[in-house]
1. Would you mention how many residues in the range 63-90 are in contact with a Gly (Cβ under 8 Å, 6 or more places away or on another chain) and farther than 12 Å from PRO38 by Cα?
2. Does any residue in the range 55-69 that is touching a residue at least 12 places away in the same chain (Cβ under 8 Å) come within less than 7 Å, Cβ to Cβ, of a residue that is surrounded by fewer than 17 Cβ atoms within 10 Å (Cβ to Cβ) six or more places away or on a different chain, and which pairs are these?
3. Counting just the residues of the range 327-344 that are of a type in the set (A, V, I, L, M, F, W, C) and open to solvent by less than 30 Å² (accessible area, probe 1.4 Å), which one comes out nearest to ALA379 (Cα to Cα)?
4. Does the range 134-141 contain any residue that is within 30 Å of HIS293 (Cα to Cα) and either within 16 Å of ligand 1 (Cβ to nearest atom) or not in a loop (DSSP other than H, G, I, E, B) (or both)?
5. Inside the range 346-372, can you point out the residues that are in a helix (DSSP H, G or I) and within 15 Å of ligand 2 (Cβ to nearest atom)?
6. Determine whether ALA55 is aliphatic (A, V, I, L, M) and closer than 30 Å to PRO135 by Cβ.
7. Give the residues of the range 207-241 that are closer than 27 Å to ARG151 by Cβ, crowded, with 23+ Cβ neighbours inside 10 Å and away from ligand 1 (no atom under 14 Å from the Cβ), sorted by residue number.
8. Search the range 5-54 for residues being within 16 Å of ligand 1 (Cβ to nearest atom) and surrounded by fewer than 17 Cβ atoms within 10 Å (Cβ to Cβ), and hand back the single one that is modelled with the lowest pLDDT.
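The values are calculated or read from the model by the stated rules, or taken from the named source; none is laboratory data. Bear in mind the structure is a predicted one, so any value in this text is a computation, not a measurement. FYI the Cβ positions are ideal-geometry reconstructions off the backbone, even for glycines, and counts take in every protein chain you see. Heads up: the accessible areas ignore ligands, DNA and RNA and are worked out on the full protein's heavy atoms, side chains in. Shrake-Rupley method; radii C 1.70, N 1.55, O 1.52, S 1.80 Å.
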Amino acid sequence: MSEPRKLYIKSFGCQMNVYDSHRMADSLAAGYRETERPDGADLVVLNTCHIRERAAEKIYSELGRIKQLKTAAEKEGRPMLVAVAGCVAQAEGEEIIRRAPVVDLVIGPQSIHRLPDLVARAGAGTAIVETEFPPEDKFDHLAPPSLLATRARGVTAFVTVQEGCDKFCTFCVVPYTRGVEISRPAGKIVSEVERLAEAGVREVTLIGQNVNAYHGRGADGADWSLARLLRRLAQVPGILRLRYTTSHPRDMIGASANDLIAAHAELPALMPNVHLPVQSGSDRILAAMNRKHTRADYLAIIARLRQARGDLALSSDFIVGFPGETEADFAATLRIVDEVGYAGAFSFKYSPRPGTPGATMDDQVPDDVKSERLARLQAAINGHAAAFNRRCLGLTFDVLMEKPGRLPGQLTGRSPYLQPVQVMAPASLIGAMVPVTVTDIGTNSLFGVLADTPRIEADSRVAPSLAALGA
Ligand code: SAM
Ligand code: SF4
């Protein structure tokens, strides 16, 4: 039998791309083994992000480096195929081949199940561009991960449950690159999570562009809400923790949302963190962004979530310098940061994206103003994140041990609130849920000591394979 060829796959951008990259690797597993480095690879796949200009441009610098490797490989008589997948592929299509002729294959996010087929045809001289939205559902045609591949990826996993978006925020490319909103059938998600649990996964994060808009068909013929799905998944043996991201404030209003908020009070497996992007604290800017909710709507949702679960860690995304944003609008954003007291947040300078309404709006904000506002916003966010972390000092909570830490003898896990926690502990505890007392606070993580024996032991099938990764 011939040696499997080597696949190097690199993900840019969001967790949905990480999930797609895993699925692509699984679908190619019959002929390719994953490698950590691009040199020596027979197939390089860049799974790209188009959300901001800088994210898209990164791909072209990466392709510059790949070109050198491909030239060197060709000199050794070893062909290397280069594929660009994901949202840049969808948005730029043929343009990628024009700018970077090193690329053999361009494949949009909805066609990734066709990758094995396209790879078999690629490299014959003419580059292939596959960016039509295909009629079939990619999830039905993607190979499921093998138990071994899942174990090697660790004890936490993402599962895409919803994809695409019909909301058309005026700054955002997602509706154009990922297509219309779809929810995967509930039964297929349950089977996938059961399979992950069998492989030793203990924590599952359900992901979607607007995950709380989930409305997948159940076996009973009814549309299941995200809350119903979470309740069902909490019954899967071996699954200890559930999270979901990213939520849209607009979908936190109504009957399904009430049920989701109630689940935070009732479901012990549902972890106390919610990522609910607000983007701006100004009603004027929210309207210009087409977010379809006001500042007051958002604060009312936060109040209801906190009523259900008082210790909830809230996080958000912010955009500064959207067209027309005045200093008064920005001050309203700073005020909402203080009012909510986020445990963390991502913040970005507005990046005009070709084809979106925002890109051609009047009153574009100069870059130096955006940079200055971003610095002030990040200082405010960091202050609240540090305060949230300080409140954890002295607390004891369960930590799911995930992997070796940076120091010898150290493990890294996550708190219920999603903070990384560093603990001196034996590698045999990877995959265990362990009570940890927080003794110190770092910039990006908490430090703790084991407070007791594991509440849930490590799965012996999982720990050795992770330990082999370097514990
Ligand atoms: N669907 C989610 C929502 O509506 O909140 C967000 C998904 S989007 C993939 C992730 C984040 O990227 C957004 O919340 C926004 O803050 C940021 N983003 C999107 N387009 C952007 C742009 N043109 N410039 C800067 N940031 C942008
Ligand atoms: Fe983009 Fe808005 Fe859709 Fe989120 S809701 S993916 S920001 S268009």
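1. 6
2. Cβ pairs passing all conditions: TYR60/ARG99; LEU69/ASP39.
3. VAL337
4. For the range 134-141, residues within 30 Å of HIS293 (Cα to Cα) and either within 16 Å of ligand 1 (Cβ to nearest atom) or not in a loop (DSSP other than H, G, I, E, B) (or both): absent.
5. Residues satisfying the conditions are PRO357, GLY358, ALA359.
6. Yes; evaluated as a whole, the condition is true for this residue.
7. Listed by number, the residues that qualify are LEU229, LEU230, LEU233.
8. Among those that are within 16 Å of ligand 1 (Cβ to nearest atom) and surrounded by fewer than 17 Cβ atoms within 10 Å (Cβ to Cβ), it is ARG54.
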